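The values are calculated or read from the model by the stated rules, or taken from the named source; none is laboratory data. Everything numeric in this text was worked out from a predicted model, so none of it was measured. Neighbour counts are summed over all protein chains in view; Cβ atoms, including those assigned to glycine, are modelled from backbone coordinates with ideal geometry. Just the protein is used for accessible areas: all its heavy atoms, side chains included, with ligands, DNA and RNA removed. Shrake-Rupley method; radii C 1.70, N 1.55, O 1.52, S 1.80 Å.
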Amino acid sequence: MRGIVRAGAYLPASSQGGRRLCAADEDEFTLVATALERAGTPRPGSGAPMRVRPVGDAGRLRAELLAGFVGGPVELGEPEDGRGALYRALALAARAAGPEWLVVATRLGDGSSDSELAPPGEGSAALLIDDAPEAAPIPTESSGTPGAPDPLSEVFAALARGSTPPSLHAGDWGADPARGRAGPTGRPGPREPAYTVAQGAFVPGPRYAESVRSRWRFIADRCRVCDAQTFPARGRCGSCGRSDRLEDAPLPLDNATVLASTWIGQGGQPTEFDAQVEASGPYGVVLAEIAPGVRLTLMVADATKEEVPVGSRVDSRLRRLYAIEGSWRYGRKAVPSAASARARPAAASL
Ligand SMILES: [Zn+2]
């Protein structure tokens, strides 16, 4: 049967006035990437392009950004927006043949989104529609609960109720949209990147483009000759120097251990981060071990200094870094680990 085969959902960490609100370093690309990651981003290599149908703010996505993120070709369909957009997209995906991803993003911070797509506030979802015996039914407008606030909330609620096997969905489906961290983690970032002159932390465009699989998805090169792992991937084995026998080796995205941290305040940041400091205040940088012997320096998002102490665990999320020469640069940042957040209440009740 054709239905929902996999589903991932994401809600920003903070809430204000009972609604979730994106941080200053989140936009439609980071929202969709996070939802896809939770659903299980398809591995490239099948040859066929990944077919993606964008809904809401996801309609602003650029295909080349998404292709860089999934590491293979992407065929971006016609965006659906406005009243009934999610149900229209679901109906089209139901009639299509073969695997198709439906990605939904809403970003209300600048007042430009249609609020009917919002799962009270901002957020994103990624649904893989395909033919499979265990597929969950695709919601239709007539199957919706009368008085339901909006179709995305409806999908969130249906999946949270367990109308699909739990193995099919991951992320914030069951989270209360109103119960995020108090207050915003900074005002919403601008839509368009400023034209900033390159200085400091800047990496030239071509070198950046080559490195996105390592920067955005923590992909290392594994050498099939000497078995060494090179990270960031450079297309060349860091141990034996060969470039012809490399394969992608994805490192874990979550559960890294913080080895050291520092907080960078007003004036101490590279100029690329001036806008961020102005919007959100001082930011943290941690040195974290993501896999045995693999250490990374990551900026911190959605957390105070006290929430990411040395020895704690952090997850990583794709976020905006800064605007340079008219485009946004993205990279992974550290956020407090979801696993350790779940463990905390249990420990407190002992
Ligand atoms: Zn080698």
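Tabulated values for the structure
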| read-out | value |
| --- | --- |
| Net charge over other residues, Cβ less than 10 angstrom from the Cβ of Ser124 (K, R count +1; D, E count -1) | -3 |
| Added length on full extension, which subtracts the Cα-Cα distance from 0.36 nm per residue, Ala338 to Glu141 | 67.6 nm |
| Dipole moment magnitude, nearest 20 debye, the stretch 205-250 about Cα centre, only Lys, Arg, Asp, Glu C-beta charged | 120 |
| Only Lys, Arg (+1) and Asp, Glu (-1) charged, at Cβ; the stretch 256-348 dipole about Cα centre in debye | 360 |
| Rough spin-label spacing in nm, given labels placed 7 Å along Cα→Cβ, for Asp176 and Glu64 | 4.5 |
| Three semi-axes of the equivalent ellipsoid, the stretch 256-348, Cα gyration tensor, whole Å, largest first | 25, 15, 12 |
| With all protein chains modelled, accessible area of Trp328 [1.4 Å, Å²] | 50 |
| Length gained when the stretch Ser327-Ala94 is fully extended (0.36 nm per residue, less Cα-Cα span) | 80.4 nm |
| Efficiency of FRET from Cβ geometry, Glu78 and Ala48, R₀ 30 Å, rounded to 0.05 | 0.95 |
| Glu64, Glu78, reordered so the largest accessible area comes first (probe 1.4 Å) | Glu78, Glu64 |
